[in-house]
Amino acid sequence: MNTPDPAELRRILVTGIGGAPGLDLALTLLKLGHEVIGTDSNPLAPGLFAPGITARTIARADSPLFAADLMELVHDLKPDALICCVENELPQLVHLRGHLERAGVRTWLPPAASVTTAGDKWEFHQAMRAARVPTPQTWLPDRIDQTPDGTELVVKPRRGQGSKDVHFCRTREQARVLCELVPAPIVQQRVRGVEFSADCLTDRSGRTSAILRRRLMVQAGMSMVAVTIDDPEATKRVAEAIRAIGAVGPVDVQGFITEGADPRVVITEINARFAAGFLLAEEAGADLVRQTLNGLFRQPVDHRRLTYRGGVFLTKYVAVMSTESRAVSGTL
């Protein structure tokens, strides 16, 4: 494929437009003048009814039909590039990367090992420890007896997302009961402090720019109210965590700043995709989407355009997308 000029308008396929970050990214690309194809596995996904988006439903990532659905769509609509906004799709897309490239579709996906590590909280914990990046103490269910006395605990799915099935408790006995209820659980030390996310872009040479924001109100794992902050130590730890798993492209890193504790900054997870609240980075002055397109089309990422202002607030809300009549399978 010839190297395209990122200044040209492109046809971009965005997956997961049922909500943030996929829908926000799709709408941002439309505002920049690009043509957007949006996909979701849910026929009721709001983004499928957004004006200007060429919308398609495809099979879920865990369906044996996912690859065939996606490649059929690619051959029919011929996008120039694909940006994934759904973690569960990343393993499939990494496997399909060669097929997509041969079909003329640019991707900027992490290595397979990075996807595995980011998606598995036990593997992530091991990777952070090996790289000496502070992260919460973590135990598998059969090692609950190793948790220190008096430690507040969190029981969560080992491969979960969006705060689903996350439970807090104070005793080993409570943790054991929760491990019977939570699918494929792990147990972690509960960390208290300032919860933050970092909207990051890591170029192909491994250089990372990070825009930090404090999560002031979180619903279902998504930051609904946030403010940009400046913290050099947290920025350093974020870059170390990304380097430890070898992620590239847009990356969402989450953690806590625990004033008065040691370590002060603790990294809790990485999502190898745009974060749900990435619009705050843009509003704070970081040219995140355009620079992502630069990297996607193998042009230099200008990290000077990824600086930002602290103290900028973002508040998200639920809006009405569509009230029109339409036929939906399975409804009366």
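The values are calculated or read from the model by the stated rules, or taken from the named source; none is laboratory data. Owing to the predicted nature of the structure, the values given are computational and were not obtained by experimental measurement. Here Cβ is always computed from backbone atoms with ideal geometry, including for glycine, and neighbour counts include all displayed protein chains.
Mind checking whether some residue in the range 166-173 is at negative phi and hydroxyl-bearing (Ser, Thr, Tyr)?
Looking for residues that are at negative phi and hydroxyl-bearing (Ser, Thr, Tyr), one finds at least one in the range 166-173, hence yes.
Quickly run through the range 95-131 and pick out the residues that are free of Cβ contacts under 8 Å to residues at least 12 places away in the same chain and either more than 30 Å from residue 11 (Cα to Cα) or hydroxyl-bearing (Ser, Thr, Tyr) (or both).
Result: 123, 126, 129.
Kindly list, by first and then second residue, each pair from a residue in the range 286-311 that is among the aromatic types (Phe, Trp, Tyr) to a residue that is outside any loop (DSSP other than H, G, I, E, B), limited to pairs with Cβ atoms under 8 Å and residues at least 6 apart or on different chains.
297/81; 297/106; 308/211; 308/228; 308/281
Hey, among the residues in the range 298-332 that are of a type in the set (Ser, Thr, Tyr) and exposed (fewer than 13 other Cβ atoms within 10 Å of the Cβ), which one's modelled with the highest pLDDT?
So, considering only residues that are of a type in the set (Ser, Thr, Tyr) and exposed (fewer than 13 other Cβ atoms within 10 Å of the Cβ), the one modelled with the highest pLDDT is 307.
Filter the range 206-234 down to the residues that are buried (at least 20 other Cβ atoms within 10 Å of the Cβ) and either free of Cβ contacts under 8 Å to residues at least 60 places away in the same chain or at positive phi (or both) and list them by number.
Matches in the range 206-234: 208, 210, 212, 234.
Quick one: how many residues across the range 93-131 are surrounded by 14 or more Cβ atoms within 10 Å (Cβ to Cβ) and among the acidic types (Asp, Glu)?
2
Please give the helices (runs of 4 or more DSSP H) falling wholly within the range 100-194 in which 2 or more residues are within 22 Å of the chain's Cα centre (by Cα). So that I can check it myself, show each step before the final result.
Values: elements: 112-119, 121-130, 172-181.
The qualifying helices (runs of 4 or more DSSP H) are 112-119, 121-130.
Looking at the structure I just gave you, is residue 22 buried (at least 21 other Cβ atoms within 10 Å of the Cβ) and touching a helix residue (DSSP H, G or I) at 6+ places or on another chain (Cβ under 8 Å)?
It is true that residue 22 is buried (at least 21 other Cβ atoms within 10 Å of the Cβ) and touching a helix residue (DSSP H, G or I) at 6+ places or on another chain (Cβ under 8 Å).
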